[in-house]
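J.: Encoded as structure tokens, here's the structure I'll be asking about.
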Amino acid sequence: MSELVYANEEIARILRESRIIALVGASRNPLRPSHEVMAYLQRRGYRVIPVNPGLAGQTLLGETVRARLSEIDEPVDLVDIFRRSEAVPPIVDEAIAKGAKFVWMQIGVRHDAAAAKAEAAGLAVIMNRCPAIEIPRLGLPRI
């Protein structure tokens with residue numbers, strides 16, 4: 001597998017152009033990375049909609065949890081994936097159907113074929129990175 005290299009300008013553009021993020025794999029457990037990242041992104045000014053079928057209908061950090069991306073009744077800019085790599089393809093299909101602009105796969109998550117499909121559909125893709133690391137690394141301001 002080749003190394004993933006993304007230009008800082010591309011990462012910054014994606015984070016600047018995103019306002020509404022669907023976080024797939026959201027957790028209630030405050031010790032889980034998905035919970036911490038959701039809270040961080042909210043503090044930075046993003047609206048983060050949690051997606052987790054096991055928590056659907058519950059409230060997490062002030063937002064109603066959805067079971068699937070298709071249950072979100074507003075446009076989503078970025079789909080942030082906190083799931084195992086093998087779970088990515090159907091999430092990417094949903095992101096394409098939803099009209100998202102960006103797919104972001106968290107650290108340790110990579111699926112080249114799903115990324116190629118997303119890119120062919122016009123979505124920009126970042127894999128194996130975390131926005132909660134990239135935002136301060138790039139010195140991006142609150143939105």
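J.: Kindly provide the set of residues from the stretch 52-77 that are under 19 Å from Met105 (Cα atoms) and in contact with an Asp or Glu (Cβ under 8 Å, 6 or more places away or on another chain), ordered by number.
T.: Hits for the stretch 52-77 are Arg68, Leu69, Ser70, Asp77.
J.: With Ile72, Ile96, Ile21 as the choices, which residue is surrounded by 21 or more Cβ atoms within 10 Å (Cβ to Cβ) and either within 21 Å of Leu138 (Cα to Cα) or among the hydrophobic types (A, V, I, L, M, F, W, C) (or both)?
T.: Numbers: Ile72 fails: surrounded by 21 or more Cβ atoms within 10 Å (Cβ to Cβ); Ile96 fails: surrounded by 21 or more Cβ atoms within 10 Å (Cβ to Cβ).
None of the others qualify; the one that does is Ile21.
J.: For the list (1) farther than 18 Å from Pro53 by Cβ; (2) in contact with a strand residue (DSSP E or B) (Cβ under 8 Å, 6 or more places away or on another chain); (3) part of a helix (DSSP H, G or I); (4) of a type in the set (A, V, I, L, M, F, W, C), I need the number of the one condition that Val88 fails.
T.: Condition (1) is where Val88 drops out.
J.: Would you kindly identify the strands (runs of 3 or more DSSP E) lying entirely within the stretch 3-81 that contain at least 1 residues that are without any contact (Cβ under 8 Å) to a residue 40 or more places away in the chain and touching a helix residue (DSSP H, G or I) at 6+ places or on another chain (Cβ under 8 Å)? Break it down into steps so the answer makes sense when it comes.
T.: Details: elements: 20-24, 47-51, 78-81.
Those strands (runs of 3 or more DSSP E) span 47-51.
J.: In this structure, is Glu119 part of a helix (DSSP H, G or I), surrounded by fewer than 19 Cβ atoms within 10 Å (Cβ to Cβ), free of Cβ contacts under 8 Å to residues at least 24 places away in the same chain and not hydrophobic (A, V, I, L, M, F, W, C)? Please lay out each step first, then the result.
T.: On the way: part of a helix (DSSP H, G or I): yes; surrounded by fewer than 19 Cβ atoms within 10 Å (Cβ to Cβ): yes; free of Cβ contacts under 8 Å to residues at least 24 places away in the same chain: yes; not hydrophobic (A, V, I, L, M, F, W, C): yes.
For Glu119, the condition - part of a helix (DSSP H, G or I), surrounded by fewer than 19 Cβ atoms within 10 Å (Cβ to Cβ), free of Cβ contacts under 8 Å to residues at least 24 places away in the same chain and not hydrophobic (A, V, I, L, M, F, W, C) - is met.
FYI, it's all coordinate maths here, none of it is from the lab. Nothing here was measured: the structure is a model prediction, and the numbers come from that model. Backbone-built Cβ (ideal geometry, glycine too); neighbour counts: all protein chains shown.
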